[in-house]
Amino acid sequence: MRVNFLLNDERYILDIDAETTILAILRKELGQKSIHAACSGGQCGSCLILVNNQAVPSCLMPAFLLRDATVETIEGLSSQTGFADIEKAFLKTPYTPCAYCAPSKVILTESLLRSESPLTSSSIGMSIPKHWCNCNQESDFIAAVLMAKDLRKKRELRPNG
Amino acid sequence: MSINKARPLRRVVQEQNRFLYNQDLDTPWEMALIRLDHQDGSHFSLGLPEDSADNKVISVRPGHKSRTIHIIEDAIPLFAEKTVQYAGQVACLAIARDSKALQALTQSIKIAYRSDDHEHESDGGLLMTHAQKTISFGTPNAYFDQAYTKVTSRLLIDNYQDPRREPRGALAEWKDNTLTVWCSSAWPHMVKRCVAEATGLAQRHIVIISVPSSYLPDRFLIDSTMYACYVAIGAVSIQGRAKLFLSEAEDRRFASKQSPIDVELQSAHDQDGKMVALRSTVSIDLGRYACASNEIIQHLALGLTSSYQCPNQEHRLLALATASSPSFPNSMLGMTLVQEALEQHVQQICSQLALDPILWRKDNLLQKGQECPYGTSAESFYAAHEVIDSVSKMSDFARKHASCELLRKKQRYSLHAQDAMHNRPRGVGLAIGSQSHGLLSSFELNHRARIDLTMSDDGHLTVQAPFHAHYSGLREPWLACIYQLLGIEERNVSFARFSSEDVEDSGPSRFSRLAALHSPLLAQACINLRHKIRSRVHPFVARASYVNQKRLTWDTAAFRGNPFLGRTWIAAVIELSLDQIDLSVSVDSVCLSVAGGCILNTESARTHIRQSVIACLDWLSSKLAQPNLLSTSTDLYASNLGHGAKRPTIQIQFQQPDTKPELQARFAHAAAIGELAFGAIPAAFHNALVQISGSSFTSSSVDSQQLFQKLYQALDQEPDHAG
Amino acid sequence: MADSRILIPLNVVDLLTILKKRPDCMIWAGGTYSQTNPIIRLDIANRDIISLQRLEELNRIYRTDRLVEIGARCTLERLLKLEDHVVPAGLKLAILSSVPAPARSLATLGGNVCIHDQILNLLPWLAIADARFEIRKQGSVRYCMARHFIEPDDFPKIDANELLCKIRIPLNRWNFQQFRRIEFQNEHQKLPFYVCNFASIHKETLDDCRMGLAFSNQKYFFFPRLDADFQGQRLPLSKKFCKSWLDRFLEQFKQGYEVDDPQLLYQITISLESLLDKLRKTD
């Protein structure tokens, strides 16, 4: 079947099989190497991408669900202005993710920042996968997300935005 | 001083994996993991083709059954895993012309068993003893005969794996009697050496090209040696090009693993509990090709002899080559593994002889000027006492230890929920670890370390080092040093890395041992450059290098001539508690004290140590019921929706000597903290587990069933739920 | 290219029509099970798929004073983000303890119930909370209690041409809920199990109380018919009462299922005991 979607502000029209996952398409066809296939079971979150502003594991999501969706990966996100908030927050707090998990952590942070529900340490904690990359502690991640939230709020309040 | 910290993250994101995907070699052979239908999932192993001229038939060195494998042309199995874990099937690494041939190979290999073949069972896939060494010091046998008490312990450490994945792949080409291997490694010389050992080629025929491709900040993998060996073997066996790119789903079988090790320790004690003789048998399984076995043996010996004083020692050390996939000690060439075993032995001594673990350690540590099998210990040894004192003070160890002991002795753990909820079994464990510059530099630096300074006519200084100063947190202290010695400001200094081909092994710079080794050289180079500038000797280029002698002794002239000078110490106290309901263990606190010299960048060191601690704890907990210790507690209702659950606090304290500021700038006693945590954390964790359960474990990977057996089955009764 | 087709109906009526004609189609809600189960994954290429992606009707949540009606396509992530008075806290606990975080944004409540897989398992909680499922097929609607939805060692009671549309959970019935997922693992098997305890407490008296046990990769729960024992008991419960209750529970359990692993038995006992202990001390 044919799917039409927006990946990092570029429109793609692809002919796909029913069993193809988004992960396979993004990695193999569209060169998004920041996404990693680790557990292939939605456990670890290494393959998180933003689909319609929500972080989803791309290893579990079939490509046919991409129809009319907006997909963002770290490759696109890193060129947006909002990325600076996350980057700054990661560098200012003790949170230093290893580069293997950094893309997925950035995606997770971005999805949390975009979500409408209030961001508290317990709500952030809930979104952390159980099989968490061992490069850092959860508490540091929570601190980093909270700081990113503040930074983004400040930036949005600034008149020149 | 501002640092553009934003760059690394973005750059790594952009650059990772470029190597593996963009390398364009024409039609290399594919190497891949194949799975063979297999019934009982027990031992199985393959050897290399015995006769390469006619490789249609491979005689298999059996795990416990002998068999012959008929294979087809264009596909060769290289070796298989000894213990089958992957989806209940034998996993075997093979090389084939294309995927079709590989498929044909998979189908053609059949495992036939002959049940009468019992003699092979005993050898367990053992090929040979690759290296061995016996160290004797004093007269241990005599002391064992007349000892007041003897303590024996044994520890088996499994081959565990770093759960963090690295890019998996390498390329190799055998052409014109030269083997070229492309891989991403921070240690190209180590790779070269291992490839030479694995393929049987001379080192001059091997070229290693290390390609930046890493998730780690300095873009080189720590240990991609195994992959490099695999492709090298593949390329040599087909006399052409080989490519290994393990698929994401199946790579874990052949990702590099920690070598399994078996350490047996026996100590003799006098009436005061002092250790008068120590005997050990250590065997480490390095897999099929037993890379760097001599170095590893040396480090095992060093680990066993350089912590505690003992006038009579005998150590028998074996490095074995077995028919399983190659493996390698994860840290410090195995030194941390024996340190772990030794620390657990100390715990056993203390509990068996009812001695205080702190006092015993302090009394029995090597003292200044004491003879040990590897030379005389010297001045900076006091640090070991300091770290023990500070960590016990920080964690209130003595009180906690006593109360945990009391709790355990008073009541064998109750089988009632009321008590289970309120009196969680607790344990606190202490361990020390150390690392030194001495021997390690001989291996990892490929006998030399180098810093180049180049000053252009307009006063711009370029610093060339084998690693990125940015990533190791060294930029700031190095800039400070340059400013102090040369007066050049930050804006006029740029850092560069030597080109990767045939450069000295850098090691990942986050392992600050190497950073620490290079820092005195920077100071030296600055002084050299200053002389040149003053006497106007053009060009303004200065180099400081350190050449280590090739033999395995401590030749540390550059570091004031003492093997123990660069020695760093760590003491760790870990507090654990056990959830009696789901038998999961949680880490309540981790206290660390680190000493050894002046830490160049405390923040960076702290972050690094913390990461190593988390990694260690993650490995240790992988077999316990709770898959990730540091993640959410399963005791959901105990907290608000399961989160905000108690996380272990990791406290780190650095013991730094009071060095004068000008000396500090020259990094007189730069500390190396690289793999310290790996030495002390596993032992402290196990010592705490031992305190919980009341008896020691012989294996490093403790699971919930073992815990249950130790805790409750000893009662020899049905779980009684009477209130 | 595989010859499977993906059908994306826009309303439930269309979907039921398709299902009637083509009961062999695979219904795709979140896909977390289908993607992780290798056998079903192979099947995807050969079967037509009905995606519930556009069915807004199944994505709605209604709340009245007495019950909450959750559309089967609601993702677990969404349920977690809703307030406690809409989605019971106990259900959130169950989600948090049984479904991995990344998968929650795809996994749906209906899918979870129908699959009854070992990773995603909310059925024990729903069963003990007296949830009812609205199951529709073309021309008819039926309601099924969650605790009757799966027979021991049987598949869910849902036909190929039927669709689970809504899950109705009574509210305000239980004012005390406990749920715990416990890992049991020995060298032979890994068998997580769930213990739940629901109670309705008024003026320090137990109006109603229910306790249950469910094993996640075996399709059975164990709810002994001992609820009546609790009714009218004053809190705090006496130790003697708890002991005798637990004895009877375990007796029934041992009669029904042959469990001889001492570790498992111990873990079951002590976990139930800890729930009772919490209940005992509640006032």
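The values are calculated or read from the model by the stated rules, or taken from the named source; none is laboratory data. Computed from a predicted structure; not experimentally measured. Because the Cβ atoms are built from the backbone with ideal geometry, glycine has one as well, and the counts that use them run over all protein chains shown. To get the accessible areas, we keep the full protein, side chains included, count just its heavy atoms, and leave off ligands, DNA and RNA. Shrake-Rupley method; radii C 1.70, N 1.55, O 1.52, S 1.80 Å.
Projecting label points 7 angstrom from Cα along Cα→Cβ for C:ASP261 and B:SER695 puts them 2.2 nm apart.
Suppose R0 equals 35 Å. What FRET efficiency, 1/(1 + (r/R0)^6) with r the Cβ-Cβ distance, do C:ASN37 and B:LEU156 give to the nearest 0.05?
Once rounded, the FRET efficiency stands at 0.45.
Heavy-atom accessible area buried between chains B and A is around 3000 Å² (1.4 Å probe, both sides summed).
Taking 20 Å as the cut-off, the amide N atoms of the stretch A:44-58 that come nearer than this to a point 7 Å along the Cα-to-beta-carbon line of A:THR70 belong to A:48-58. For the pair C:ALA45 and A:GLN80, label points projected 7 Å from Cα toward Cβ lie 3.5 nm apart.
Compute the relative contact order of chain C as a whole-number percentage, counting only Cα pairs closer than 8 Å that sit 6 or more residues apart in sequence.
Once normalised by length, the contact order is 14 percent.
With contributions of -39500 (n - 2.57) from each DSSP H run of at least four residues, the per-residue ellipticity at 222 nm computed over chain A stands at -10000 deg cm²/dmol.
Count the net charge of all other residues whose Cβ sits under 14 Å from the Cβ of C:GLY232, scoring Lys and Arg as +1 and Asp and Glu as -1. Here the count lands on -3. Of the DSSP H helices in chain A, those that are both long (alpha-carbon extent of 20 Å or more along the helix axis) and hydrophobic (Kyte-Doolittle mean at least -1.0) are A:138-157. Near the amide H of B:GLN370, within less than 5 Å, lie the amide hydrogens of B:SER377, all on another chain or at least 5 residues away, with H placed in the peptide plane. Across peptide B:702-709, the average count of Cβ atoms from other chains found within 10 Å of a residue's Cβ is 4.
If we count every other residue with Cβ under 10 angstrom of B:HIS315's Cβ, Lys/Arg +1 and Asp/Glu -1, where does the sum land? Don't skip to the answer; put the middle values down first.
Details: positive: B:LYS133, B:ARG279, B:ARG316; negative: B:GLU314.
That works out to +2.
Pairing chains B and C buries close to 2900 square angstrom of accessible surface in total, based on protein heavy atoms and a 1.4 angstrom probe. Rounded to the nearest 0.05, the FRET efficiency derived from the C-beta distance between B:ARG543 and B:ALA398 at R0 = 56 Å is 0.60. The listed peptides C:164-176, B:275-287, ordered by packing as a protection proxy, come out as B:275-287, C:164-176 (highest mean of other Cβ atoms within 10 Å first). Between the beta carbons of B:HIS385 and B:GLN352, assuming R0 = 22 Å, the FRET efficiency works out to 0.40 to the nearest 0.05.
For the listed peptides B:333-341, B:260-268, a ranking on the average number of other beta carbons within 10 Å per residue, highest first, reads B:333-341, B:260-268. Judged by the mean number of other Cβ atoms found within 10 Å, the most tightly packed of the peptides B:175-185, B:228-238, C:88-98 leads the ranking B:228-238, C:88-98, B:175-185. A simple count of charges around C:LYS137, restricted to other residues whose Cβ falls under 10 Å of its Cβ and scoring Lys, Arg +1 and Asp, Glu -1, yields +1. Let me know the shape class of the stretch C:1-98, please: from the alpha-carbon gyration tensor, a ≥ b ≥ c as square roots of the eigenvalues, rounded when a/c is under 1.5, otherwise prolate if a/b is greater than b/c, or oblate. Judged from the Cα gyration tensor, the stretch C:1-98 comes out oblate (a/c at least 1.5, b/c at or above a/b). Under a 5 Å amide H cut-off, with hydrogens placed 1.01 Å from N, C:PHE176 pairs with C:ALA199, C:ILE201 among residues at least 5 apart or on other chains. Let me know the mean shielding of A:57-67 by other chains, meaning the per-residue number of their Cβ atoms within 10 Å of its Cβ. Partner Cβ neighbours, averaged per residue: 6. Considering only protein heavy atoms and a probe of 1.4 Å, how much of the accessible area of chain C is carbon and sulfur, as a whole percent? Answer for chain C is 47 percent, counting heavy atoms of protein chains only.
I'd like the interface area for chains C and A: accessible area of each alone minus the complex, both sides summed, 1.4 Å probe, protein heavy atoms only. What is it in Å² to the nearest 100?
Answer for the C-A pair: about 2400 Å² buried.
Take each residue of peptide C:19-26, count the partner chain Cβ atoms within 10 Å of its Cβ, and average: the result is 0. Rounded to whole numbers, the Karplus 3J(HN,Hα) couplings from phi for the stretch A:45-61 are x, 6, 10, 5, 9, 9, 10, 6, 6, 10, 7, 10, x, 6, 6, 9, 8 Hz, using 6.51 cos²θ - 1.76 cosθ + 1.60 with θ = phi - 60°, and x at Gly and Pro. Along the stretch B:525-535 the Karplus relation, 6.51 cos²θ - 1.76 cosθ + 1.60 evaluated at θ = phi - 60°, assigns HN-Hα couplings of 5, 4, 5, 4, 5, 4, 4, 5, 5, 4, 8 Hz to successive residues, with x for each Gly and Pro. In terms of its C-alpha gyration tensor, chain C comes out prolate, because a/c is 1.5 or above and the ratio a/b outweighs b/c. Each residue of the stretch C:56-73 was assigned a 3J(HN,Hα) from its phi angle through the Karplus curve 6.51 cos²θ - 1.76 cosθ + 1.60 (θ = phi - 60°); the sequence is 5, 4, 8, 10, 9, 10, 10, 10, 10, 5, 9, 8, 10, 10, 10, x, 5, 8 Hz, with glycine and proline shown as x.
Put simply, the amide H of B:THR149, placed in the peptide plane, has neighbours under 5 Å in B:HIS269, leaving out anything fewer than 5 places away on its chain.
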